[in-house]
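What follows is a single structure, written as structure tokens, with notes after it.
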Amino acid sequence: MLSRINNRIGVMGLLVPAALLLLPLYLYPLLEIVSRSLGDKGWSTGNYLELFQDPVMLRVLYQTFKFAFIISALCVILGYPVAYAMRIASDRTRRTITLLILLPLWTSTLVRAFAWIVILGRNGIVNATLTELGIIDEPLKLVYNTVGLYIGMVHIMLPFMVLPLYNSLSRIDLRLLSAAETLGARPISAFFWIVLPLSMPGVLAGLLLVFMSSVGMFVLPALLGGLSDITYTMLIEKQINELNNWGLAAAMSVFLLVVTGILTLFYGRILNIEASSGILGEVVRQVFQRGPIHLLIWRERILARLLASHGSRLANRMQSARLVPRHLLVKCWSWAVLACLVAPLLVLFLLAFSGQAFLHFPPRSYSIRWFANFFSRDDWVTPAITSLKVAILTAIGAILIGVPAAYAIVRGRFPGKGIATAILISPMIVPGLIFAISLYALYGRLNLLGTLGGLVLGHIILALPYVVVTVSAGLKSADASLEAAAMTMGAGPIRAFWIVTLPMLRPTIISAAFLAFLTSFDDVILALFLSGLSTKTLPVRMWEGIRYEIDPTIAAISAMLMLITIGLKFVAEWSARRGTKSNIPGFTAIQATDAGTR
Amino acid sequence: MTSADVVSQGIVLKERSGSQVNRTAQDESKSKSGCVQLSGLTKEYGGIRAVDDVSLEIAAGEFVTVLGPSGSGKTTVLMMIAGLAEPSAGAIAIGGRDITHLRPQHRNLGVVFQSYALFPHLTVTENIAFPLRMRRKNESDICRKVREILDLVRLPDLAQRVPGELSGGQQQRVALARALVFDPPVLLLDEPLSALDKKLRENMQFELRELHRNLGVTIINVTHDQSEALVMSDRVIIMRDGRIVQSGSPSELYEHPKSSFVADFLGTSNFVKGEVQKSRDSDESSLVTVGGLRCRVPQADQGLKGQARLMIRPERIVLNAVPTATQEHFVGRIAEIAYTGDLIRYRVALNDQDVIEVTLQNKPGHLPQGCIGSEVTVGWSLEDVHIFVESTTQ
Ligand SMILES: Nc1ncnc2c1ncn2[C@@H]1O[C@H](COP(=O)(O)OP(=O)(O)OP(=O)(O)O)[C@@H](O)[C@H]1O
Ligand SMILES: [Mg+2]
């Protein structure tokens, strides 16, 4: 019989397939980027000097950080009331809100960008309506400029703000609010004194997550932004595709990687700040929790001075009965924000059935001609089939590699486990564009560009984190002692896994496979770089379509994509729940890290 | 209101005027604003009545405890008074003013929650200053009041700590200080001592009593700890299934329970089940148990008939005493002895069916010699006996 220790180390063997994939196709290309950034021969800091001295570069860097900061701030302002409404709502309302937040999250970035173009464009719904009502003469410029960029990015990032915020709000004891009220606090004071300071870790986590993902944004600014709204990643792409300046592009990428890495570390720490007693926890407490309290105390001191006659006012207030329903403002605000989150999807869905050649909302007549158009055009159907092929192969590959890796991580005990886990998860965090260019450089030399296999391997790397996270969660909730019991009855470890653990994990694995499928099916960035003409995927075809024509066919495709993705996510979610009884927070941990790929 | 209530309030008011001669004029005005009236208060949760038609009048300065088993609606009553739950029907008035629909922040009541609900991110000082800040008091007043109240609850050294760094008893005092600092006429306490250990709980009971005497504030305390209720209150209200079953002074409730529920809930009781029958030879009725025990029924309960339960407190039973005319006595065997330190509990089997408990003080010479299995006589006097007819008892 194998000794227990040997068994635990032997489990490391299950990481071999993942290592065979990640070492040459993920870590090596990224290291190559690092080495390229230091010059082609020898070690030189020339590229970095150029990066930090070139005024254009600095301007774009500044602009990108500014965008990311404003997007984060907008997300807090819009999202906080939603998270708060979720906290105080009944279970049923909370489920509805969660669904409304997840629906857009489950819809592909391209579809959402297209929806905003249709709504905000020159002849879009907003302008058409306002013109018809006679409010404006000239159409407003709402898209292909910074406004469009903000709207699109906030739409995408909002869920990543609301979910950590809710997570931190849900830890606040609501009885504190009752106590504050009995002590004489109006709801608004109770909020500023109690809720806001206590939810500060959530605010910070949300800000970091949104900021981190926004700094690496590429697809959205390119589609919705104006000519001058160039972001850092767009500049990297330009260095490669137009200027062929790989050294500088590499240096820029390394810089972004470092920034993202640091933010990720902070994010991880801040999420469970209450438990930590380190310097960071103290800083968060002193600056972000105590700071607002001191401000409030000063405000009260000044007001007390100014309103020496407040006694009579208080007495007047005493007379007023309950007139306004509680939290009316919060609720109105939240439902308005949620409506804005979901409305674009609904609009697009309706437009897909429009009977006209131009997009008018609501459609004057309905037909399925755009669906018919899609299926009759080879330039749409061929990429769709390619996408399906790639996504199915990705799902199979990611499961075959990811399930053993997850098993090793959860059940094994070996040196370097933390690092192995971090590497497996990291493709979620590395900005999509950087991974894409690193692989692009490698495939260029290996002649893998434009091959189906090459694209699938790339997608497997992208999908692996989702599989590992989902299956790990499933494995953790599955009872390890059952496996041990099977082994005491004479089954070897492999047989024990095969006949005991695997059947228990089946729902989780199905869920993970769907997630992997969707990761591949949604991907634009990697496919843009790696797929040639022969392996053009549907997202790439849509990317071209959205950039060069506004065609109702795209609305039809979007409608189908929405149905497919939302349907699959439901199945994935449902089957994961059956497998692991995962609750919303656990689930959002998977979803939240999804932000890096936009 | 029952006549018992009137009597108990009379007693309370007499005590008050005796012990609190040195009240200031401010206290006098508070004593007017501190009376609480509940009329027909009802709360339904989806068709289930958590509180059912509760009417109650509490005099200013009274210390009232609401006692009842878990789920009897005590917290719900308190939360409705505090304004944190909206009554389905009925009205609440404080100081003669109807506040049924007033928001909690305008009711000016001190509330101490079972979990204390201290703000974890504020220091002790800031927690206590919170209600004063909400009332826009000026800074020097706030400082002075906070210092005074910290002295009152004996916590002056912990002013700069946050609640997480305090012990349970200290947190309890901070919660109390925070609820008292703005001089509310009425203080609501929801099981304030339940999280404390026994020793600390007893200390706090005395401290609360003392605070109450010094401040003259009306206190409504909720608990399911009967000894706490008896020790602290001027008046005890017993609730069951959302209704008030009896209210009165602690001694009144203990000595004269109106139902076997109250008798059982307050203190320990012996119940002997049987049927009330007329004796053949005399006019007197007695309770005959299945085991064949025949117990005399006190004069007042002679009119009762049918299935009934006889109740006698264990401490009113004497062992091996000389029989007198007023005493009942039976012969039994000691079945069990439990040693609890200050008291010794005997279980005495009078026959196969009827076993009663007797408690004696742990004093030398007081205790019967002998041990389990030895024969003893058990006696009580008739005025300590209560009869509850089954059909009217719950
Ligand atoms: N928010 C609520 N929704 C539905 N039912 C409730 C709610 N709050 C209380 N109840 C019900 O009302 C009844 C009375 O509850 P309450 O909390 O007042 O009891 P309690 O006497 O304070 O009990 P305990 O001693 O356990 O604190 C219970 O049956 C409880 O289940
Ligand atoms: Mg309670």
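Computed quantities for the displayed model
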read-out: Out of A:Val430, A:Val468, A:Val456, sole residue that is open to solvent by 10 Å² or more (accessible area, probe 1.4 Å), in contact with a Gly (Cβ under 9 Å, 6 or more places away or on another chain), closer than 21 Å to A:Tyr26 by Cα and part of a helix (DSSP H, G or I); value: A:Val456
read-out: Criterion violated by A:Leu30 - all others in (1) of a type outside the set (Gly, Ala, Ser); (2) within 20 Å of the chain's Cα centre (by Cα); (3) surrounded by 13 or more Cβ atoms within 10 Å (Cβ to Cβ) satisfied; value: (2)
read-out: Exclusive hit being within 16 Å of ligand 2 (Cβ to nearest atom) and out of contact with any Lys or Arg (no Cβ under 6 Å at 6 or more places or on another chain), set B:Asn221, B:Asn270; value: B:Asn221
read-out: Every residue from the stretch A:508-528 that is open to solvent by less than 20 Å² (accessible area, probe 1.4 Å) and part of a helix (DSSP H, G or I); value: A:Thr508, A:Ser511, A:Ala512, A:Leu515, A:Ala516, A:Leu518, A:Ser520, A:Phe521, A:Ile525, A:Leu526, A:Ala527
read-out: Candidate set: the stretch B:118-140, residues that are more than 9 Å from every other protein chain (Cβ to nearest Cβ) and surrounded by fewer than 21 Cβ atoms within 10 Å (Cβ to Cβ); chosen: the one modelled with the lowest pLDDT; value: B:Ser140
read-out: Yes/no for A:Leu227 being surrounded by fewer than 21 Cβ atoms within 10 Å (Cβ to Cβ) and not in a helix (DSSP H, G or I); value: yes
read-out: Residue in the stretch A:179-192 that is nearest to A:Ile297 (Cα to Cα), counting only those that are more than 7 Å from chain B (Cβ to nearest Cβ) and open to solvent by less than 20 Å² (accessible area, probe 1.4 Å); value: A:Ala190
read-out: Odd one out for B:Gln114, checked against (1) in a loop (DSSP other than H, G, I, E, B); (2) within 12 Å of ligand 1 (Cβ to nearest atom); (3) in contact with a helix residue (DSSP H, G or I) (Cβ under 6 Å, 6 or more places away or on another chain); value: (3)
read-out: A:Pro139 at pLDDT 85 or above and assigned to a helix (DSSP H, G or I); value: no
read-out: Subset of the stretch A:367-426 that is more than 23 Å from the chain's Cα centre (by Cα) and hydroxyl-bearing (Ser, Thr, Tyr) - its residue that is nearest to A:Ala559 (Cα to Cα); value: A:Ser367
read-out: Subset of the stretch B:86-117 (residues that are among the hydrophobic types (A, V, I, L, M, F, W, C) and at the interface with another protein chain (Cβ under 8 Å from one of its Cβ atoms)); value: B:Leu102, B:Leu109, B:Val111, B:Phe113, B:Ala117
read-out: Selected residue (only one of B:Ile238, B:Ile244 is in a strand (DSSP E or B) and open to solvent by less than 10 Å² (accessible area, probe 1.4 Å)); value: B:Ile238
read-out: Residue match in the stretch B:211-233 (condition: closer than 15 Å to B:Ala175 by Cα, open to solvent by less than 10 Å² (accessible area, probe 1.4 Å), within 16 Å of ligand 1 (Cβ to nearest atom) and at pLDDT 90 or above); value: yes
read-out: Which numbered condition B:Glu191 misses (of (1) on the phi < 0 side of the Ramachandran plot; (2) touching a Lys or Arg at 6+ places or on another chain (Cβ under 9 Å); (3) within 16 Å of ligand 1 (Cβ to nearest atom)); value: (1)
read-out: Residue list for the stretch A:245-269, restricted to those being of a type outside the set (A, V, I, L, M) and over 14 Å from A:Asp40 (Cα atoms); value: A:Ser253, A:Phe255, A:Thr260, A:Gly261, A:Thr264, A:Phe266, A:Tyr267, A:Gly268, A:Arg269
read-out: Residue in the stretch A:265-275 that is open to solvent by 40 Å² or more (accessible area, probe 1.4 Å), at pLDDT below 80 and within 14 Å of chain B (Cβ to nearest Cβ) present; value: yes
read-out: Close pairs (6 angstrom Cβ cut-off, 6 or more residues apart or separate chains): within 14 Å of chain A (Cβ to nearest Cβ) and touching a residue at least 40 places away in the same chain (Cβ under 8 Å) in the stretch B:190-216, within 16 Å of ligand 1 (Cβ to nearest atom) and part of a helix (DSSP H, G or I) anywhere; value: B:Asp190/B:Thr75; B:Asp190/B:Leu78
read-out: Any hit, the stretch B:51-58, residues being open to solvent by 10 Å² or more (accessible area, probe 1.4 Å), closer than 22 Å to B:Arg235 by Cα, assigned by TED's automatic domain parsing to the domain that holds B:Leu102 and within 12 Å of ligand 1 (Cβ to nearest atom); value: yes
read-out: Some residue of the stretch B:69-79 being within 8 Å of chain A (Cβ to nearest Cβ), among the small types (Gly, Ala, Ser), crowded, with 19+ Cβ neighbours inside 10 Å and in contact with a strand residue (DSSP E or B) (Cβ under 6 Å, 6 or more places away or on another chain); value: no
read-out: Those residues of the stretch A:174-195 which are of a type in the set (A, V, I, L, M) and in contact with a strand residue (DSSP E or B) (Cβ under 9 Å, 6 or more places away or on another chain), in sequence order; value: A:Ala179, A:Leu183
read-out: Among (1) closer than 14 Å to A:Ile71 by Cα; (2) modelled with pLDDT of 90 or more, the one test that A:Tyr232 misses; value: (1)
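The values are calculated or read from the model by the stated rules, or taken from the named source; none is laboratory data. Note that the structure is predicted; figures quoted are calculated from it, not measured. Backbone-built Cβ (ideal geometry, glycine too); neighbour counts: all protein chains shown. Side chains are part of the model used for accessible areas, which takes the heavy atoms of the whole protein and leaves out ligands, DNA and RNA. Shrake-Rupley method; radii C 1.70, N 1.55, O 1.52, S 1.80 Å.
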